[in-house]
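Taking it in order: structure first as structure tokens, then the write-up.
The values are calculated or read from the model by the stated rules, or taken from the named source; none is laboratory data. What you are looking at is a predicted structure, and each value in this text was computed from that prediction instead of being measured. Note: ideal-geometry Cβ built from the backbone for every residue, glycine included; neighbour counts use all protein chains shown.
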Amino acid sequence: MAKEIEIYCINVGSYIAVEGGDTPADVARRLEGRLMLSPICALVNNKTENLDFPIYGPKQIEFLDYMSRAGLDVYVRSLCMMTYKAVTDCFPGYSLRIELSIAKGHYCRLYDMAGKMVMMDEEMCRRLKEKLKEISEADLIFERKEMLTKDVIEIFRSQGLLDKVSLLESVKDLYTTYYLLDGLADSYYGPLAPSTGHISLFDVVPAKSGFLLLGPDPSAPGKVMKPISQPKLYKAFTDYLDFNRVIRVSNVGELNRAIEERRTADLINVAEAMHDKLLGRISDEIARRRERGEAGIVLLAGPSSSGKTTTCKRLAIQLMTNCIVPKMISLDDYFVDREHTPRDESGDYDYEHLHALDLERFNSDLQALLRGEEINLPTYSFEFGRRIEKERPLRLDGNDVLLIEGIHGLNPELTASIPQKDIYKVYVSALTTLRIDDHNWISTSDNRLLRRIVRDYKYRHTSALDTIKRWPSVRRGEERWIFPFQENADAMFNSSLIFEIGVMKEYAEPLLRDVPHTAREYAQAYRLLRFLNYFEPVPAEQVPTTSLLREFLGGSSFKY
């Protein structure tokens, strides 16, 4: 007879008696009518687990649906495996590659057996969507398996998943977890739903040469996410996909092989040269506009930890090669006094709100500078929470350009009184194009979060726990104040570096291990640790002092 144990369920706020070997799914059935949600996964001792996770001791459990961040990740991963199954059934001999997250969905392409891209059309997308509906209605089980890695490698090799073979051979774990869906094997770096019947909200939309896979909209229960047009962001992403193919590093397995073959220095040099080339192109375009008497002001904007500050400094150097004198200011100096700062939903000061800035003073100063007048730049004291007037005169002379860095740079309300011909806008973000494998992409948000964890600990003495705790608020601010204006940019600069996660691994891992198991944020820390486990380390000493990555690691030749 199984031993009776007690677990604590956060959803109902009470202890529940269960038998050893029971699963969260068993517990959910006992709590039917009390949970007030349809669970897709559970936090078990603050780790995201499948609903078939066996319980053999006292645990704390919180059931999650797709409206939660972790639950939505489970939903999307499950939808991706269903899409792999649908592609295999509908288009035998074709392989699926989930390239990147964009336009509120995931951009996917198909390739034939020779590795040539297959152009998707509306009829192919319709067939794929119908097959997904069939798979959902069949309520097939996602079977979680664990086996010796050498045997899993052979399973994947037999299915032609050579990207996964390359990854597993480089990671060298003894055992590997994988999933079976109607006999088809695949792997993901997180749990899946219990069955395909849980995955009923989706769409397949033709996009460029491939298709956009859309999941549920967490802000609109029962609705599928609506795609948005992001042609400039798409080009910035796909330019780097082409670059990855040229240097023969498109996924983590290929990156690890390059590290083992001691090609890291070449990768670093080429990636840094790519940054220089992109910034050089932006500088050349600004110079052309300056010749027409335009673009006296350059605004750089982007989400947290995108590397805006270093991008601004490196762009300044490129402008000087075009005989343009850059003069830099920060939007931070235009903060209103703290007591006038807007507050967020929780009542805290919202420094990411557009109206945390003195827009009237900012626009007045810009107009004066464009007229050739001298202004006195304000200075904001974060210590005192108010503006302090100092002697900081500024004038734009001749072919000078004013570089302004801040998160609101692309928002038209920021510069509402300035003629658009006088403004050039640059969007900066770490648009990660490296994939774990063909069915597992690397989130741009995860890349930036790792940067921020490392930077905040080094420069602000902030723990990984506190950074992770703050991250949802940061992301909400980005969704409101940055991402809606991305396509307003005249140029997009991809600040990601193909080698950077390998470098950050040794910095981030000890910080993530310090996140206590008792904290809800442990689920995020544990997930990131699993993610970093896929990467071979890259020595930080190989990173140049001018690299954008030095903004987060330290050791930069720039002053911040």
Seminar exercise, completed: Just one listed residue, out of 9, 90, 108, 80, is at pLDDT 95 or above, of a type in the set (A, V, I, L, M, F, W, C), closer than 21 Å to residue 222 by Cα and outside the structural domain of residue 238 (by TED's automatic domain parsing), and it is 80
Problem set entry | Residues (in contact with a helix residue (DSSP H, G or I) (Cβ under 9 Å, 6 or more places away or on another chain) and either in the same structural domain as residue 197 (by TED's automatic domain parsing) or of a type in the set (Val, Ile, Thr) (or both)) located in region 21-56 | 40, 44, 48, 55
For this session: Kindly check whether there is at least one residue in region 260-277 that is under 28 Å from residue 481 (Cβ atoms), outside the structural domain of residue 119 (by TED's automatic domain parsing) and surrounded by 20 or more Cβ atoms within 10 Å (Cβ to Cβ).
Result: yes
Seminar exercise, completed: Quick count over region 231-277, residues being of a type in the set (A, V, I, L, M), out of contact with any strand residue (DSSP E or B) (no Cβ under 6 Å at 6 or more places or on another chain) and under 27 Å from residue 321 (Cβ atoms), is 9
For this session: Considering only residues that are without any contact (Cβ under 8 Å) to a residue 60 or more places away in the chain and of a type in the set (A, V, I, L, M), look in region 151-164 and name the one that is nearest to residue 257 (Cα to Cα).
Result: 162
Exercise. Taking region 185-199 on its own, how many of its residues are surrounded by 16 or more Cβ atoms within 10 Å (Cβ to Cβ), in contact (Cβ under 8 Å) with a residue 60 or more places away in the chain and over 22 Å from residue 534 (Cβ atoms)?
Worked result: 5
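For (1) part of a helix (DSSP H, G or I); (2) under 19 Å from residue 553 (Cα atoms); (3) in contact (Cβ under 8 Å) with a residue 40 or more places away in the chain, each residue gets a yes or a no:
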| site | (1), (2), (3) |
| --- | --- |
| 268 | yes, yes, yes |
| 272 | yes, yes, yes |
| 289 | yes, no, yes |
| 294 | no, no, yes |
| 299 | no, no, yes |
| 309 | yes, yes, yes |
| 314 | yes, yes, yes |
Problem set entry | region 322-347, residues that are in contact with a Gly (Cβ under 8 Å, 6 or more places away or on another chain) and outside any strand (DSSP E or B) | 331, 332, 337, 338, 339
Exercise. Which numbered condition trips up residue 244, out of (1) farther than 30 Å from residue 529 by Cβ; (2) at pLDDT below 95; (3) polar (S, T, N, Q)?
Worked result: (1)
Seminar exercise, completed: Of (1) without any contact (Cβ under 8 Å) to a residue 60 or more places away in the chain; (2) surrounded by 16 or more Cβ atoms within 10 Å (Cβ to Cβ); (3) assigned to a loop (DSSP other than H, G, I, E, B), residue 318 fails just (3)
Exercise. Within the bounds of region 424-437, is there any residue that is over 30 Å from residue 97 (Cα atoms) and either buried (at least 20 other Cβ atoms within 10 Å of the Cβ) or charged (D, E, K, R) (or both)?
Worked result: yes
Exercise. Mind checking which residues of region 118-150 are closer than 15 Å to residue 200 by Cα, among the β-branched types (Val, Ile, Thr) and surrounded by fewer than 18 Cβ atoms within 10 Å (Cβ to Cβ)?
Worked result: 141
Problem set entry | Set 71, 115: member being within 31 Å of the chain's Cα centre (by Cα), surrounded by 21 or more Cβ atoms within 10 Å (Cβ to Cβ) and not aromatic (Phe, Trp, Tyr) | 71
Exercise. Does residue 479 count as surrounded by fewer than 17 Cβ atoms within 10 Å (Cβ to Cβ) and touching a Lys or Arg at 6+ places or on another chain (Cβ under 7 Å)?
Worked result: no
For this session: Could you check, for region 253-263, whether at least one of its residues is part of a helix (DSSP H, G or I), under 30 Å from residue 440 (Cα atoms) and of a type in the set (Lys, Arg)?
Result: yes
Problem set entry | Odd one out for residue 208 among (1) within 19 Å of residue 36 (Cα to Cα); (2) surrounded by fewer than 17 Cβ atoms within 10 Å (Cβ to Cβ); (3) not aromatic (Phe, Trp, Tyr) | (1)
